[in-house]
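The values are calculated or read from the model by the stated rules, or taken from the named source; none is laboratory data. Only a predicted model underlies this, so the values are computations on that prediction, with no experimental measurement involved. Using ideal geometry, Cβ is built from the backbone for each residue, glycine included, and neighbour counts are taken over all protein chains shown.
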């Protein structure tokens with residue numbers, strides 16, 4: 001067995017009766033049950049002809065069977081294809097065209113997807129397990145384990161192949177951050193963290209809402225689910241942290257790990273200033289590079305908060321160990337064993353991969369800087385600079401400051417031709433104050449909206465293209 005499968009088997013042997021997965025309907029699956037299900041599915045699919053290197057499209061809900069299916073495919077040396085869920089049917093069809101899977105692993109109404117012209121003639125895998133048998137042939141560390149996709153926020157989603165050795169390196173980069181000597185019940189909104197938990201023997205409680213419709217999730221519903229499931233740690237995007245901050249904190253919640261979008265200082269303050277506040281850990285990374293840096297909110301000083309309010313950008317913390325990081329022409333570039341080194345289509349590499357000898361640098365597309373303490377600060381996206389008072393500034397140098405003004409919920413800085421426009425969502429009664437504060441920064445054009453558009457994946461980043469259309 002390869003890396004993560006070895007970890008999973010060891011976890012199931014150590015804690016066979018411990019709950020591995022609680023799905024969105026509250027159904028519990030123990031580690032021994034998850035391992036047995038994976039072995040049974042592997043036996044069935046081997047009988048159906050799935051073998052080493054075969055690509056299998058995953059079209060099923062995020063539940064225990066999804067993770068059992070991944071383990072089953074990997075034990076056969078097969079490759080799981082995971083479409084970008086935020087793109088819906090369009091993302092699924094893009095994944096099919098890009099990877100040309102041999103078979104489809106589907107359940108429920110997803111099984112009707114085989115009627116799509118792109119899947120005509122593609123084998124549909126059975127969900128009925130067989131008694132576990134000897135699985136051959138096994139994958140090697142360098143074999144591809146899964147193919148996932150970028151969010152598509154800057155164009156068509158790019159297919160990212162991840163080898164078994166890559167997944168193990170990612171596990172080794174993230175696991176120390178999540179390590180606990182005590183059993184935890186984690187609310188997990190990021191599949192990669194569920195894989196980490198399964199490998200480490202911790203319990204993952206899955207969302208009971210649609211991740212593609214985060215705006216429809218009410219703060220009270222989130223609070224109730226966490227309370228009912230006795231959540232001790234939450235691994236959720238900033239958009240859900242915003243909802244959580246508007247309610248009383250669930251009684252058992254001790255720690256929040258948040259990422260997938262910028263974690264602004266005003267949100268950190270609201271999360272940590274209530275009675276019984278949890279610890280907050282901010283994680284910075286991307287689809288191709290996860291994690292890059294992390295920050296414990298307890299380590300943010302008064303001087304750091306003041307610097308962010310003054311326009312120094314967004315503090316994201318110290319780079320993780322075993323990561324090489326450099327700043328080139330303001331851009332953050334990273335390299336390491338857990339950093340994606342290339343896309344499925346080699347033509348996509350030209351955009352953000354730099355080969356230097358045996359090392360491949362990933363261009364994040366984020367502008368940043370390092371401070372004297374070796375901590376990383378984000379400034380915004382490369383290419384998004386605007387000129388204010390004759391000085392070129394990145395969006396976060398304004399947006400992070402603006403979010404700390406009275407009554408502001410969201411902030412987005414874009415250029416309308418040659419004129420910088422600051423878009424704000426929040427209390428309309430505070431608009432005169434916003435105009436006054438913006439003028440001190442050299443911004444004369446301020447517009448108020450009820451809500452600013454955000455990304456499809458985590459609803460945590462301002463959708464700049466959509467915002468420009470509004471302006």
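Numerical summary
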{"item": "Qualifying residue in segment 80-87 (condition: crowded, with 20+ Cβ neighbours inside 10 Å, modelled with pLDDT of 95 or more and more than 29 Å from residue 205 (Cβ to Cβ))", "result": "no"}
{"item": "Wholly enclosed strands (runs of 3 or more DSSP E) of segment 152-258 bearing at least 2 residues within 17 Å of the chain's Cα centre (by Cα), without any contact (Cβ under 8 Å) to a residue 60 or more places away in the chain and assigned by TED's automatic domain parsing to the domain that holds residue 276", "result": "185-188, 233-236, 255-258"}
{"item": "Of all residues making up segment 163-187, the number that are over 20 Å from residue 18 (Cβ atoms) and out of contact with any helix residue (DSSP H, G or I) (no Cβ under 8 Å at 6 or more places or on another chain)", "result": "7"}
{"item": "Any hit, segment 411-420, residues being in contact with a strand residue (DSSP E or B) (Cβ under 7 Å, 6 or more places away or on another chain), surrounded by fewer than 18 Cβ atoms within 10 Å (Cβ to Cβ) and either under 22 Å from residue 238 (Cα atoms) or assigned by TED's automatic domain parsing to the domain that holds residue 241 (or both)", "result": "no"}
{"item": "Enumeration of residues in segment 413-449 that are in a strand (DSSP E or B), over 33 Å from the mean Cα position of the chain (by Cα) and modelled with pLDDT under 95", "result": "419"}
{"item": "Residue within segment 305-320 that is part of a loop (DSSP other than H, G, I, E, B), at pLDDT 95 or above and buried (at least 21 other Cβ atoms within 10 Å of the Cβ) present", "result": "yes"}
{"item": "Test result for residue 36, buried (at least 23 other Cβ atoms within 10 Å of the Cβ) and either assigned to a helix (DSSP H, G or I) or at pLDDT 95 or above (or both)", "result": "no"}
{"item": "Single unsatisfied condition, residue 142 versus (1) touching a strand residue (DSSP E or B) at 6+ places or on another chain (Cβ under 9 Å); (2) over 25 Å from residue 350 (Cβ atoms); (3) without any contact (Cβ under 8 Å) to a residue 60 or more places away in the chain; (4) assigned to a loop (DSSP other than H, G, I, E, B)", "result": "(2)"}
{"item": "Single residue of segment 400-410 satisfying the filter (in contact with a strand residue (DSSP E or B) (Cβ under 7 Å, 6 or more places away or on another chain), on the phi < 0 side of the Ramachandran plot and outside any strand (DSSP E or B)) that is surrounded by the fewest Cβ atoms within 10 Å (Cβ to Cβ)", "result": "403"}
{"item": "Condition met for residue 397 (surrounded by 22 or more Cβ atoms within 10 Å (Cβ to Cβ) and either at pLDDT 95 or above or in a strand (DSSP E or B) (or both))", "result": "yes"}
{"item": "Tally, over segment 46-65, of residues that are under 28 Å from residue 86 (Cα atoms), in a helix (DSSP H, G or I) and touching a residue at least 60 places away in the same chain (Cβ under 8 Å)", "result": "1"}
{"item": "Residue satisfying condition, being assigned to a strand (DSSP E or B) and within 30 Å of residue 212 (Cβ to Cβ), within set 367, 459, 355", "result": "367"}
{"item": "Looking only at segment 273-304, and only at residues there that are at pLDDT below 95 and under 21 Å from residue 409 (Cβ atoms), the one that is surrounded by the most Cβ atoms within 10 Å (Cβ to Cβ)", "result": "277"}
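Each row is one residue, and each column tells you yes or no for (1) in the same structural domain as residue 412 (by TED's automatic domain parsing); (2) surrounded by 11 or more Cβ atoms within 10 Å (Cβ to Cβ).
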position	(1), (2)
355	no, yes
359	no, yes
390	yes, no
393	yes, yes
